[in-house]
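Reading through the C-alpha cells given below for one structure.
Every number in this text was worked out from the coordinates using simple rules, so none of it is lab data. Computed from a predicted model, the values in this text were never measured in an experiment. Virtual Cβ from ideal backbone geometry, glycine too; neighbours counted across all protein chains shown.
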Amino acid sequence: MKRRKKNLNFHIGLTISVVMLIMIVVGLFYTPYNPEAMNSALKNAGMSLAHPFGCDNFGRDILSRIMVGSRTTVLVGLATVVIGTFFGIIIGAFTGYFGGMADEILMRIMDALLAFPSILLALVIIGLFEPSTWNLIMALGIAFIPSFARIVRSEFLRCKNMDYVTAAKLNGAGDMRVMFVHILPNTIKVLSSSVLIGFNNAVLAEAGMSFLGIGVMPPDPSLGRMMSEAQSYIFSNPGFAIFPGMILILIILGISLIGSYLE
Amino acid sequence: MNAKKIIKKFIFMLLTLLLVSFLVFLAFAIIPGDPAVHKLGTQATPESLEALREEMGLNRPFFARYASWLISFVKGDMGISYSYNLPVGSMILDKLPITLTMTALAFMFVLIITFPTGILCAKHNGGKLDRFIVILNQIMMSVPSFFGGILITIIFGVVLKLFMPGGYISYTKNFTKFLGYMCFPAIAIAIPKAAMSIKLLRSSILSEAEKDYARTAYSHGNTTGDVLIHHVLQNAMIPVVTFLGMALADIFAGSIIIEQVFNIPGMGRILLSSISNRDYPVVMAILVLLSSAVIIINFIVDIVYGIIDPRVSQDD
C-alpha cells in the first residue's frame with residue numbers, strides 16, 4: 001500500500017517535471033510571441049485565445065515570458081546546486097575523511113555560515129557586489145555550500161571505518177582513490193535527495209531575490225521578477241502575478257514529489 | 001540535561017556568535033570601496049578624506065577596529081548610518097517591533113495549525129480526510145511565502161475587501177489595526193512552514209504509534225485519541241521541535257521578503273535600501289542581529305530538546 005502511494009507520488013512528480021521541462025525546452029526555440037515585444041494596445045489585457053495568460057503592463061505576452069522566465073529560474077537553480085554540491089563534496093569529503101584540526105575549524109565556520117538563513121547570506125554577497133544574474137548564482141552557490149558540506153561530511157564519517165574501505169586500503173588504494181572512487185558513490189543515495197531539496201530551495205531563493213529586485217536583472221524575465229513587476233497591477237491584472245506563481249509552484253511541487261520518493 | 005552541559009553549550013553559542021560577528025566584519029572590511037570616499041563623494045580632497053578616515057578609525061589595524069566595533073556593538077552603539085546620519089541602533093529599534101510582531105504571529109499560526117491538524121491526520125490515518133490533507137499539504141509546501149502573500153492580497157484584499165492592500169498602519173498609531181493587518185503577512189509565511197511541520201508531525205506520530213508502549217496503552221482500553229495525545233505525542237514531538245526551531249529562524253529572516261508584498265516598513269525595508277545605498281553600518285548591524293537571533297534560537301531549541309528527550313543528555 002505504502003509502496004504504491006509512493007510510486008504514485010513519483011509518477012505525478014515526474015509528469016509535472018517533464019511537462020515543465022518540455023515547456024522550458026520548447027521556449028528555447030519557440031515562444032508564441034516575442035517575449036520582449038511590447039504592444040500598447042494590449043496593456044494588462046486579460047486572458048484570451050490569442051494570449052491564454054493575458055498580457056503584462058507593457059502588453060507583452062505573459063505565456064511567452066513565463067516560458068523564457070522559468071528557464072532563467074531553473075538554470076539559476078541548477079547552477080546553484082552544482083556549485084553547492086561540488087564544493088560541498090570537496091569540503092565534506094576532506095573534513096569527514098581526515099578529521100583533525102582542519103575539520104574542527106572548517107566545520108565551525110560552516111556552522112557559523114549555517115546560522116545565516118541562505119537568502120540572507122545571498123543578500124549580503126549581492127550587497128557586497130552588484131546585482132546581476134552571475135552574482136546571484138555565485139551568491140546562492142556559496143550560500144548552499146555549508147549544508148551540502150555537512151551532509152557529505154556525516155556520510156564520510158559513517159563510511160570511513162566500514163569494511164569495504166579497509167579492504168580498499170589494504171589493496172593499496174590511496175586516500176584520494178578511497179575517498180572519491182570508493183566512498184563517494186555510496187553517498188549518492190543521501191546526496192541525491194538533498195540535491196533535489198537544494199534545487200527547490202535554490203529556485204525559491206532565486207524567485208525571492210528577483211522578487212526583491214536584486215536577482216535577475218531586466219530585461220531578462222524570471223518568474224520572481226515577473227511577480228514583483230505584477231505587484232502594482234494586482235487590482236487590474238491579477239493573472240500577471242498568478243500565472244508565474246502557479247508555474248513556480250508546479251516546478252517546486254514536481255521536484256519535491258520526486259524527492260519524497262527518493263527519501 | 002545537567003548544568004554542566006548547558007554551560008558547555010552556552011559557551012559554544014558565544015563562540016559561534018563571535019565567529020559570525022568576525023565573518024561579517026571581515027566581509028565588509030575586505031570589499032572594495034572606501035567608506036570615506038562614499039561619505040564625502042568623489043570630489044573630496046585627499047586631505048579631507050584622510051581626516052575623515054582618521055576620524056572614522058579606518059587607519060587603525062584590522063583587529064583593533066574589529067575589537068572596538070564589537071565592544072561598542074555589544075554596548076548597543078552600532079555606529080552611524082552613512083546615508084541617514086542617524087545612530088543605527090535607534091533606526092533598528094524603531095523597526096524591530098514590526099518584524100518581531102510578524103515573526104511571533106506567524107509562529108503562533110504555525111503552532112495553531114500544526115498540532116490539531118497533525119493529530120487529526122494521524123488519528124484518521126488513511127481515511128478520506130487524511131488523504132485530502134496530505135495532498136493539500138504537499139501543494140502548500142510548494143507555495144513560496146511571497147506568492148502566498150500575493151494570493152492572500154488578491155483574495156482577501158482585492159476580492160473580499162477584508163483589508164486594504166498596501167494600507168499598512170503603524171503600531172504607534174493604532175495597535176489593534178496594526179495587529180489585524182499583520183495577520184495577513186503572518187499567514188502567508190505560516191502556510192508553507194505549517195505544511196512541512198504537519199507532514200513531519202504526522203509521520204512522526206504514526207511511527208511512534210506502532211511502538212510497544214502505544215500498544216500497551218491501547219490494551220489498557222484507551223481510545224485512539226487518548227493514546228495519541230497522552231502517550232505518543234510527547235515522543236513524536238521531538239523531531240518537530242527541532243524543525244520548529246529552524247522554522248522560527250527562517251520565519252524571522254523570511255519576513256524580509258514578505259514585507260515587500262504587504263508594503264511594511266520593517267527591518268527588511270531598511271536592509272534592502274541600505275544594501276542598495278551601500279550603507280554598510282546598517283547592513284552589518286542587521287546581519288549580526290538576525291544571525292545572532294538564529295544562533296540564540298538554535299541554542300534554546302537545543303536546551304528544550306534535552307528537556308523533552310532525556311535520551312539526548314545521556315549520550316556523548
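Below are the figures for this structure:
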item: Total charge dipole magnitude, the protein assembly as shown, about the Cα centre, Cβ charges on Lys, Arg, Asp, Glu only, Debye to nearest 20; result: 1340 debye
item: Farthest toward positive dipole pole in the range A:1-96 [+1 Lys/Arg, -1 Asp/Glu at C-beta], among A:TYR30, A:SER64, A:VAL18; result: A:VAL18
item: Average beta carbon contacts from partner chains per residue of B:16-28, 10 Å cutoff; result: 3
item: Loop-resident sites, the range B:151-221, for trypsin sites (Lys or Arg not before Pro), counting at most 16 other Cβ within 10 Å (DSSP); result: B:LYS161, B:LYS173, B:LYS211
item: Greater than 28 Å apart at Cα, pairs in B:LYS128/B:LYS211; B:LYS128/B:LYS199; A:LYS160/B:LYS199; A:LYS43/B:LYS95; B:LYS8/B:LYS75; result: A:LYS160/B:LYS199; A:LYS43/B:LYS95
item: Per-residue average of Cβ from other chains inside 10 Å of A:38-50; result: 0
item: Dipole magnitude of the range A:1-131 about its Cα centre (Cβ charges: Lys, Arg +1; Asp, Glu -1), debye to nearest 20; result: 800 debye
item: Choice from B:ASN174, B:ASN263, B:ASN137 showing the highest fluctuation, given a GNM over chain B with Cα pairs closer than 10 Å; result: B:ASN174
item: Size of charge dipole - the range B:1-104 - debye, nearest 20, with Cβ of Lys, Arg +1 and Asp, Glu -1, no other charges; result: 840 debye
item: Whether chain B is rounded, prolate or oblate, judged on the alpha carbon gyration tensor where a/c under 1.5 counts as rounded; result: oblate
item: Shielding of A:123-134 by partner chains, average beta-carbon count, 10 Å; result: 4
